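Okay, so here's the structure we're looking at.
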Amino acid sequence: MALEPQTTNTYSGADVVVTYGGFLLQQLGDGDDAISVEPASAAVESRIGVGGSAVVSIQQDLSANVRIRCLRSSPANNVMQRLLNLQRNTGVGAPLFIKDPRGAEVHACDTAFVQQQPQSQHGKMASDVEWTIHCPVLRSDQGGY
């Protein structure tokens, strides 16, 4: 029996592209959670009857929150603040796009909204600035390598 050839894939967080409102967000924060995509609800909910029968309800909620952590000195903070100000003045959101070019993962939202002004922290070390963007309808393909 012949052995299957082993494949090696690579990942680099530095290659992941995030655009919001048409702006490329750069100088993201340190850590494994610089970009986090969190669906708002489970894809299915089930109920089990007293006799053990089950019914599974398919949920249609495609909303999600995306957390973006930026270095304090990142120009992305200025972009995010301007988009938040525009959103407050006009009620208009902006498109969000996340893509890992080394794999097939992609997330896209036609109209996303900054959820709230980030918390401001100052101390001995420069802390990351964490922005939360709400996507009412996020289309995702988790893909693979």
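A short reminder: the numbers here are calculations on the coordinates, not readings from a lab. Bear in mind the structure is a predicted one, so any value in this text is a computation, not a measurement. Ideal geometry is used to build each Cβ from the backbone, glycine not excepted, and the neighbour counts take in all protein chains shown.
So in the chain, which Cys have no other cysteine's beta-carbon sitting under 4.7 angstrom from theirs?
CYS70
For segment 12-41 and segment 65-110, what is the separation of their C-alpha centers, rounded to whole Å?
8
Can you tell me the equivalent ellipsoid semi-axes for the chain? Use √(5λ) from the Cα gyration tensor, largest first, whole Å.
So the equivalent ellipsoid measures 31, 25, 15 Å along its semi-axes.
Give me the number: length gained by fully extending ASP15 to LEU3, i.e. 0.36 nm times residue separation minus the C-alpha to C-alpha distance, one decimal in nm.
My answer for the length gained is 1.1 nm.
Given 0.36 nm per residue, what is the gain on full extension from MET125 to ASP33 after removing their alpha carbon distance, in nm?
31.3 nm
Given Cα pairs under 8 Å that are at least 6 residues apart, what percent is the relative contact order of the chain?
Computed value for the chain: 27 percent relative contact order.
Return a whole-number percent for the relative contact order of segment 59-145, with Cα pairs under 8 Å and 6 or more residues apart as the contact set.
The value is 41 percent.
Given a Förster radius of 22 Å and the C-beta distance between ARG82 and VAL137 as r, what FRET efficiency does 1/(1 + (r/R0)^6) yield to the nearest 0.05?
Result of the calculation: an efficiency of 0.40.
Express the relative contact order of segment 1-83 as a whole percentage, based on alpha carbon pairs under 8 Å and six or more residues apart in sequence.
Once divided by the residue count of segment 1-83, the mean separation gives 33 percent.
Could you compute the longest span of the chain free of trypsin sites (Lys or Arg not before Pro) located in DSSP loops and having at most 15 other Cβ atoms within 10 Å, not counting the site residues?
Formally, the longest exposed-site-free interval is 1-71.
If the elastic network links every pair of Cα atoms under 10 Å, which of GLU105, GLU45, GLU130 fluctuates the most in the Gaussian network model of the chain?
GLU45
For segment 47-54, just list the computed ³J(HN,Hα) in residue order, Karplus coefficients 6.51, -1.76 and 1.60, θ = phi - 60°, integers in Hz, with x standing in for Gly and Pro.
In residue order, the calculated couplings are 10, 10, x, 4, x, x, 5, 10 Hz.
Name the residue from SER41, HIS107, GLY22 whose Cα lies farthest towards the positive end of the charge dipole of the chain, charges +1 on Cβ of Lys and Arg and -1 on Cβ of Asp and Glu.
Toward the positive end, the furthest listed residue is GLY22.
Can you list which of the chymotrypsin sites (Phe, Trp or Tyr not before Pro) found in segment 1-60 are DSSP loop residues with at most 15 other C-beta atoms within 10 Å?
Hits after loop and neighbour filter: TYR11.
Can you show me the helix-derived [θ] at 222 nm for the chain, built from DSSP H runs with n ≥ 4 at -39,500 (n - 2.57) apiece and divided by the number of residues, rounded to the nearest 500.
-3500 deg cm²/dmol
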